[in-house]
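The values are calculated or read from the model by the stated rules, or taken from the named source; none is laboratory data. Here the structure is a predicted model, which is why all the values come from computation and not from measurement. Every residue, glycine as well, gets a Cβ built from its backbone with ideal geometry; the counts of neighbours run over all protein chains shown. Remember, those area values only see protein heavy atoms, side chains included, never the ligands or the DNA or RNA. Shrake-Rupley method; radii C 1.70, N 1.55, O 1.52, S 1.80 Å.
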Amino acid sequence: VAAYGEKDAILEADTEFWIAVCCEFSVQHQIQSLMNILQYLIKLPEEKEEAVPKAVSTKSESQEEVLQIFNVDTHTSKQLRHFKFLSVSFMSQLLASSHFIRKVVESGGPQVLKGLEQRLLETVLGYINAVAQSVEKNADKLTVKFWRALLSKAYDMLDKVNALLPTETFIAVIRGLLDNPLPSVRRKALDLLNNKLQQNISWKKKIVYRFLKLVPVLLAIVQHKKTTVEEQAINRQTALYTLKLLCKNFGAENPDHFVPVLNTAVKLIALEMKEEKNVLGSALLCVAEVASTLQALAIPQLPSLMPSLLTTMKNTSELVTGEVYLLSALAALQKVVETLPHFISPYLEGVLSQVVHLEKITSEMGSASQANVRVISLKTTLATTLSPRVLLPAVNRTYKQIEKNWKNHMGPFLSILQEHIGVMKKEELTSHQSQLTTFFLEALDFRAQHPENDLEEVGKTENYIIDCLVAMVVKLSEVTFRPLFFKLFDWAKTEDAPKDRLLTFYNLADCIAEKLKGLFTLFAGHLVKPFADTLNQVNISKTDEAFFDSDKDPEKCCLLLQFILNCLYKIFLFDTQHFISKERAEALMMPLVDQLENKLGGDARFQERVTKHLIPCIAQFSVAMADDSLWKPLNYQILLKTRDSSPKVRFAAL
């Protein structure tokens, strides 16, 4: 038996000889013979019926090739498989050989084939179809490897046939194949076309025009539903992908050809309930590409596209099960918002609600998930491309909806506004400041409107609102911030204002103090007396009256104390302008020192408050005074607390 290396060498020599023989004949004869071989291979049985003992096969390999027709009875199954594989490999090599290509050129180029190449392509595709069915049939058998290898060789042959065709002929052939009755042939034709469109070539105008003539043909595939549903779905999906590629390549120069594509895709999305999910996904991606290419030409489609798109996004359960579908919908929405930001104001509330809703769902998939990244990117697009006159009224109206389901939605919603405020120009902010102030006064009432809810949940939501307001504050000048600060101060302190507003205001003051640092002392003078009064009102060693009319009074008072102590600590820490004058020091000294006796909230709470908030605050207070004459009384008052009857208070004073 010849060693493998020798076998290969013999086969290579043989192949060269066979190619030389073939090329003695005209190109037309060769192609006709290739078709005959393929048809003969299809007629051969898949497998040999009964296993014939090896002994029967006495002929040597070389004799086998001489036989004009392969005799199944006198050969083993392995030899049958070998014969099929060799035949397809040889045809592939022949079509790629320099002899054959020279022959085509010498006989006058591909024009001489006059339709033969299309028939050859159809025969190859028919053969591929037959092999593909065998792959499926033998999926569980040992021979499946052979069938897969044969299929890959057959595809290789298809590529070689394709390479022979100049682009014009290629388009004509594809056009013919798209009318083929076999769905699998139509699908392969679409795949071939897609591969061609993905090669970054700059085509001549004449060729581009031929490509564009395929658009109506592809639209017909997308729209009609002649054959079996499943088969049709994958072809329609592929056709939509082809349209997307055509638009990507030629849409910018030839937008008019793609208006019907957008119309068709929009109609598909509108029929969404009856549609196959994968077809819908492709339609959405097609919309994304075409809308961003057509730009202004896409505007007439918005009234039918946007409502369907928003309805699609409402079917949350389906979106989560099909992430590809969700990503396609997000891509479509993102492209529309990017391309036509000035024309989506009628749908903006719906878009905002859906985006916020989707962030809640996608964040559960994990922050690295493709869907979550897309949602965040879409939020940024909304925040940065829309002008305040369009976005702010929509935010105002959407807030009323969001507030009903605040636990999950308030954070994502306000982050859009926060980012928008971050990119607003100075003059825009000046002209919209009163509108924003009205919005924030309404939003800051959140805690007062939910007095009995869980304090931690309410606090978390309130912090989203405050972060958003602070983003605006840092962009204001002293002249514009001062009236806003006093407006908020009055809002919290008016006679009939709910006490919960004080919690909100002191929380806000604490956050602003952290952001403005030393600048905050310009406005903090007005807070000294209210802070001192409130410290006394929530000190249970001085009064028995409840500060809040609520079952949660002790909890709320603890929180209020924490905000005040934190805010004072920051004022003292960042004070470089000698903010603590003698009068202010005297106003704050006793209320602060008396907090050492305030056991509000029980022992554990007292202990935590003293170590984390009160002691740092009093220590920083003494640093900010920087005056011997004030240190003396402060020291004396603290020492008095070391005589208290409670050991915990004595320890705190120490």
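Expressed as a rounded percentage, what relative contact order does the chain have, with Cα pairs under 8 Å and six or more residues apart? Walk me through the numbers on the way to the answer.
Working: 624 pairs, mean separation 40.2, N = 654.
Value for the chain: 6 percent.
Just to confirm my numbers, what's the Cα centroid distance between the range 573-621 and the range 167-243 in Å?
The distance from the Cα centre of the range 573-621 to that of the range 167-243 comes to 77 Å.
How far, in nm, would the chain grow between Met365 and Gln435 when pulled straight, counting 0.36 nm per residue and subtracting the alpha carbon separation?
21.6 nm
Of (1) 51.2; (2) 55.9; (3) 44.7, which one was derived for mean projected area of the Cα convex hull in nm² from the structure shown?
Computed from these coordinates, mean projected area of the Cα convex hull in nm² corresponds to label (3).
Starting from the Cα-Cα distance between Asp140 and Val217, subtract it from 0.36 nm times their residue separation and give me the gain in nm to one decimal.
Length difference between fully extended and current span is 23.9 nm.
Applying 1/(1 + (r/R0)^6) with R0 = 56 Å to the Cβ-Cβ distance of Ala132 and Arg650, what FRET efficiency is obtained, to the nearest 0.05?
With R0 = 56 Å, the Cβ-Cβ based efficiency is 0.05.
From Cα pairs below 8 angstrom and at least 6 apart in sequence, can you work out the relative contact order of the range 143-223, rounded to a whole percent?
Computed over the range 143-223, the figure is 27 percent.
What does the accessible area of Lys277 come to, in Å² to the nearest 10, when a probe of 1.4 Å is used?
70 Å²
Please tell me which of these pairs span more than 24 angstrom C-alpha to C-alpha: Lys335/Lys475; Lys379/Lys570; Lys499/Lys641; Lys188/Lys248; Lys43/Lys78?
From Lys335/Lys475; Lys379/Lys570; Lys499/Lys641; Lys188/Lys248; Lys43/Lys78, over 24 Å: Lys335/Lys475; Lys379/Lys570; Lys499/Lys641.
Show which lysines lie in cross-link reach of Lys493 when reach means a straight Cα distance below 21 angstrom and same-chain residues fewer than eight apart are skipped.
In chain and number order, the partners are Lys529, Lys552, Lys556.
For the chain, what is the calculated [θ] at 222 nm in deg cm²/dmol (nearest 500), taking -39500 (n - 2.57) for each run of four or more DSSP H residues and dividing by its residue count? Mind showing how you got there, number by number?
Values: 34 runs with 473 residues, N = 654.
Counting only the DSSP helices, I get -23500 deg cm²/dmol.
Round to the nearest 10 and give me the degree value, 0 to 90, for the angle of helix 553-573's Cα axis relative to the longest principal axis of the chain.
Approximately 90 degrees, to the nearest ten.
Ordered by residue, what ³J(HN,Hα) values in Hz, to whole numbers, does the range 626-639 give under the Karplus form 6.51 cos²θ - 1.76 cosθ + 1.60, where θ = phi - 60° and Gly and Pro are x?
6, 8, 4, 5, 8, 5, 4, x, 4, 4, 4, 4, 5, 4
Hey, got the dipole for the chain? About the Cα centre, +1 on K and R Cβ, -1 on D and E Cβ, debye to the nearest 20?
1280 debye
Considering only lysines 8 or more places apart in sequence, or on different chains, count the pairs in the range 101-163 whose C-alpha atoms sit under 21 Å apart.
Numbers: Lys103/Lys114; Lys103/Lys160; Lys114/Lys160; Lys137/Lys145; Lys137/Lys153; Lys141/Lys153; Lys145/Lys153.
So the count works out to 7.
Separation between the Trp18 and Asn195 pseudo-spin-labels, each 7 Å from Cα along Cα→Cβ, expressed in nm?
Going by the 7 Å Cα→Cβ label model, 2.2 nm.
Suppose R0 equals 51 Å. What FRET efficiency, 1/(1 + (r/R0)^6) with r the Cβ-Cβ distance, do Lys460 and Ser629 give to the nearest 0.05?
So the FRET efficiency works out to roughly 0.70.
What relative contact order, as a whole-number percentage, does the range 341-497 give when Cα pairs under 8 Å and 6 or more residues apart are counted?
Details: 100 pairs, mean separation 35.4, N = 157.
Once divided by the residue count of the range 341-497, the mean separation gives 23 percent.
Given a 1.4 angstrom probe, what's the average accessible area per residue across the chain, in square angstrom? Display every interim value, and only then the final one.
Working: 31680 Å² over 654 residues.
On a per-residue basis, 48 Å².
In degrees between 0 and 90, to the nearest 10, how far off the longest principal axis of the chain does helix 144-164 point, with axes built from Cα atoms?
That helix lies at roughly 80 degrees to the long axis.
Could you give the length gained by full extension between Lys425 and Lys529, i.e. 0.36 nm per residue of separation minus their alpha carbon distance, to one decimal place? It would help to have the intermediate numbers written out before the result.
On the way: separation 104, 0.36 × 104 = 37.44 nm, distance 3.67 nm.
Gain on stretching Lys425 to Lys529: 33.8 nm.
Can you list, bin by bin at 10 Å, the percent of alpha carbon pairs in the range 341-497, starting at 0?
10, 38, 36, 14, 2, 0
Taking N as the number of residues in the range 519-653, what is its Cα Rg relative to 2.2 N^0.38 Å?
Values: Rg = 14.5 Å, N = 135, 2.2 N^0.38 = 14.2 Å.
In units of the 2.2 N^0.38 Å rule of thumb, it is 1.02.
Between the range 80-110 and the range 411-467, what is the separation of their alpha carbon centroids in Å?
Going from one Cα centre to the other spans 72 Å.
When ranked by the protection proxy of mean other Cβ atoms within 10 Å per residue, highest first, what sequence do the peptides 511-523, 196-208 form?
Sorting 511-523, 196-208 by mean packing, highest first, produces 511-523, 196-208.
Using alpha carbons only, how many degrees (0 to 90, rounded to 10) separate the axis of helix 214-223 from the longest principal axis of the chain?
Rounded to the nearest ten degrees, it is 70.
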